[in-house]
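Below is one structure, written out as structure tokens; comments come after it.
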Amino acid sequence: MLKGKTAVISGASRGIGAAIAEKLASMGADVALIYAGNEEAATAVSSRCQSLGVNAKAYRCDVRDFALVKETVKQIRADFGRIDILVNNAGVTRDKLIAMMNEEDYNEVLDTNLKGAFHLIRHCTGALLRSKGSSIINISSVSGLMGNAGQANYAASKAGLIGLTKSVAKELAPKGVRCNAIAPGFIATDMTAALPIGAEQLQTQIPLGQMGKAEQVAEAVAFLVSAEYITGIVLPVDGGLSM
């Protein structure tokens with residue numbers, strides 16, 4: 001279905017990003033995996049993607065760095081020849097109540113989650129415009145839809161991604177580039193495992209009664225990549241949490 005296309009996925013060394021990379025690889029896409037620091041994990045994901053019969057390569061890059069992202073995208077284009085799909089998944093949390101939050105915690109989350117997505121969109125747009133039926137997918141969060149106590153920085157970054165998604169969708173639609181967002185709820189990853197509230201308590205807040213899986217978010221990405229008449233939407237993958 002995606003044979004001959006190249007997907008760039010940030011935050012791809014684990015969790016949701018790794019699941020997205022493997023899902024798109026299973027659909028035939030070559031994948032460029034951007035990771036922040038865990039080379040061993042990124043290499044393992046790359047190897048699993050290669051075992052599916054596609055080209056895959058991992059690139060270490062701090063998405064907060066405008067110039068470094070530019071150079072990384074330039075290298076990806078040199079290695080793969082094209083970019084058809086961009087998935088902005090890189091994200092961090094630095095949870096604290098607003099009265100306790102310092103400037104560094106606020107800035108790091110906004111710079112990674114929101115500015116990082118801008119950097120990749122900015123530098124990938126030229127390649128995406130050259131590709132027929134290209135697609136950008138930003139991984140937001142139900143926190144960006146609902147807010148969440150103790151996550152003012154994270155919720156602000158994820159709400160910002162929604163505004164970024166809609167603006168980019170309007171700008172690029174006339175050029176044939178679609179841009180959508182996915183808003184996961186409580187997904188079983190390392191990030192949610194670090195939350196102070198336990199899994200059993202989390203599940204009581206979810207209408208479907210269970211946490212989601214990274215693979216279920218990846219399925220939503222696969223849908224939006226192939227949905228040629230959908231742009232500018234926010235698709236919750238949250239078990240009903242945000243309704």
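The values are calculated or read from the model by the stated rules, or taken from the named source; none is laboratory data. Nothing here was measured: the structure is a model prediction, and the numbers come from that model. Neighbour counts are summed over all protein chains in view; Cβ atoms, including those assigned to glycine, are modelled from backbone coordinates with ideal geometry.
Given the conditions (1) modelled with pLDDT of 95 or more; (2) closer than 19 Å to residue 113 by Cα; (3) assigned to a loop (DSSP other than H, G, I, E, B), and given that residue 195 satisfies all but one, which numbered condition is not satisfied?
In the conditions (1) modelled with pLDDT of 95 or more; (2) closer than 19 Å to residue 113 by Cα; (3) assigned to a loop (DSSP other than H, G, I, E, B), residue 195 misses (1) alone.
Residues of segment 214-241 being surrounded by 14 or more Cβ atoms within 10 Å (Cβ to Cβ), more than 22 Å from residue 90 (Cβ to Cβ) and among the small types (Gly, Ala, Ser), which ones?
227, 239
Give the residue that is modelled with the highest pLDDT, with candidates limited to residues of segment 198-213 that are polar (S, T, N, Q) and either loosely packed, with under 12 Cβ neighbours inside 10 Å or part of a loop (DSSP other than H, G, I, E, B) (or both). If you could, list the steps in order and put the result at the bottom.
Taking segment 198-213 first, the residues polar (S, T, N, Q) are 201, 203-205, 210.
Okay, now just the ones that are also either loosely packed, with under 12 Cβ neighbours inside 10 Å or part of a loop (DSSP other than H, G, I, E, B) (or both), so 201, 204-205, 210.
Working: 201: 70, 204: 78, 205: 82, 210: 87.
Residue satisfying both the conditions and the ranking: 210.
Out of curiosity, is residue 37 under 29 Å from residue 148 (Cα atoms), small (Gly, Ala, Ser) and at pLDDT below 95?
Against the criterion (under 29 Å from residue 148 (Cα atoms), small (Gly, Ala, Ser) and at pLDDT below 95), residue 37 qualifies.
Can you pull out the residues in segment 174-189 that are part of a strand (DSSP E or B) and over 12 Å from residue 242 (Cα atoms)? Steps first, answer last, please.
First, the residues of segment 174-189 that are part of a strand (DSSP E or B): 178-184, 187.
Residues satisfying the conditions are 178, 179, 180, 181, 182, 187.
Test residue 105 against the stated conditions and say whether it is of a type in the set (Asp, Glu), in contact with a helix residue (DSSP H, G or I) (Cβ under 7 Å, 6 or more places away or on another chain) and touching a residue at least 40 places away in the same chain (Cβ under 8 Å). Talk me through it step by step, then tell me what you get.
Numbers: of a type in the set (Asp, Glu): yes; in contact with a helix residue (DSSP H, G or I) (Cβ under 7 Å, 6 or more places away or on another chain): yes; touching a residue at least 40 places away in the same chain (Cβ under 8 Å): yes.
The answer is yes for residue 105.
Filter segment 125-179 down to residues that are under 16 Å from residue 234 (Cβ atoms) and of a type in the set (Lys, Arg), then give me how many there are.
Qualifying residue count for the region: 4.
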